[in-house]
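Some notes on the structure that comes next.
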Amino acid sequence: MALRLLDHIELPEHRSGGGFDHADIHSATDRIYVAHTANDSIDVIDCAKDRYVESISGFPAIAGALVSEARGLVFTTNRGENTISVFQPGDERSGLKIGVGVKPNGVAFDDSRGILAVANVGDPAITDSCTASIVDVDRRKRVAEVKVPGRTRWAIYHPAAQMFFINIASPARIVAIDARAPDKISKQYEVPAEGPHGLDLDPRTDRLFCACDAGILLAIEAASGRVLGEVRLSGAPDVIFLNPRTGHLYVAIGDPGVIDVIDVAAMRTKEIVPTEKGAHTLALDRKRSKVYAFLPRSHRAAVFIDET
């Protein structure tokens, strides 16, 4: 076994539909920020003590959270009002909001330039609303709007390549935006599987990991888009995280409700860990190799440790 269940953390009950969504961890303060979409709030968890701390309201239809360790900032995407929020850990209520495109979802940050790429899902009723908003965080303003070929999913930043990568659900693509000239698409890769969704990067091997609705995980060469390998998954995936310490990629799959643990060196499934039906998102504590799966039916977080 790779993952061992340690505990469960009770979280606030849902006030509406939507459950939980993307989460991230600020390691310096041991704070997990998880999007509680159903409550228009962020739930905060202490990952050193594995206990619930508080919920912070004011994030309409929040889709996700992203932490910049280098800048000491947390970003959220707020689909319900087409904004992002920016705040410092420990001072969450003194943040600011910046307007972006239609229904922001995925987000990635270039720490060195202070540039944020926001992947907007768009609205079928609004022409050309599938875009990537480019935000200059230091200037507190949106500086570009880049049209993309379809509905966005998650986004990442590749520091060595100085490139943002964004998954596009349909047509199945990964688009790249160069951080040095972020007003246009630099290149795009065709993805040979339906519905690119979760996305992460292994900087040591320069591979993108793209988890697709078709139930396939693809390893893709970041520089060229060449497919290097694939693994069949237990179902349609959502959030993925790579643990560089163990070489395991954790893939959250809401139906049937499992985490697929992938050995990325061998590109094979190491184990399948039950969670709860609908549990499509997770967080990774890289300091302690702990994985948090967010359980929508029981409004809890399941805490696992990777003992590899």
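The values are calculated or read from the model by the stated rules, or taken from the named source; none is laboratory data. What you are looking at is a predicted structure, and each value in this text was computed from that prediction instead of being measured. Because the Cβ atoms are built from the backbone with ideal geometry, glycine has one as well, and the counts that use them run over all protein chains shown. Heads up: the accessible areas ignore ligands, DNA and RNA and are worked out on the full protein's heavy atoms, side chains in. Shrake-Rupley method; radii C 1.70, N 1.55, O 1.52, S 1.80 Å.
Hey, among the residues in the range 127-158 that are of a type in the set (D, E, K, R) and within 18 Å of the chain's Cα centre (by Cα), which one's most open to solvent (accessible area, probe 1.4 Å)?
Checking each candidate, the answer is 151.
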Scanning the range 231-288 residue by residue, those within 20 Å of residue 19 (Cβ to Cβ), among the aliphatic types (A, V, I, L, M) and under 16 Å from the mean Cα position of the chain (by Cα) turn out to be 236, 239, 240, 251, 252, 253, 259, 279, 282, 283, 284
Just checking: which of the strands (runs of 3 or more DSSP E) contained wholly in the range 195-298 hold 3 or more residues that are out of contact with any helix residue (DSSP H, G or I) (no Cβ under 6 Å at 6 or more places or on another chain) and surrounded by fewer than 17 Cβ atoms within 10 Å (Cβ to Cβ)?
227-232, 268-274
Exception for residue 115 within (1) of a type in the set (A, V, I, L, M, F, W, C); (2) free of Cβ contacts under 8 Å to residues at least 60 places away in the same chain; (3) buried (at least 17 other Cβ atoms within 10 Å of the Cβ) falls at (2)
Output the number of the condition that residue 124 fails; it satisfies all remaining conditions of (1) exposed (fewer than 13 other Cβ atoms within 10 Å of the Cβ); (2) farther than 27 Å from residue 213 by Cα.
(2)
So, first residue at positive phi in the range 159-170, second residue among the aliphatic types (A, V, I, L, M), Cβ within less than 6 Å, six or more apart or across chains; the pairs are 162/179
Going by the structure shown, is residue 150 at pLDDT 95 or above, in a loop (DSSP other than H, G, I, E, B) and touching a Cys at 6+ places or on another chain (Cβ under 6 Å)?
yes
Restricted to the range 72-97 and to residues being open to solvent by 60 Å² or more (accessible area, probe 1.4 Å) and outside any loop (DSSP other than H, G, I, E, B), the residue nearest to residue 136 (Cα to Cα) is 97
Return the residue satisfying two criteria in turn: it lies in the range 10-31 and is outside any loop (DSSP other than H, G, I, E, B) and over 16 Å from the mean Cα position of the chain (by Cα), and of such residues it is surrounded by the fewest Cβ atoms within 10 Å (Cβ to Cβ).
10
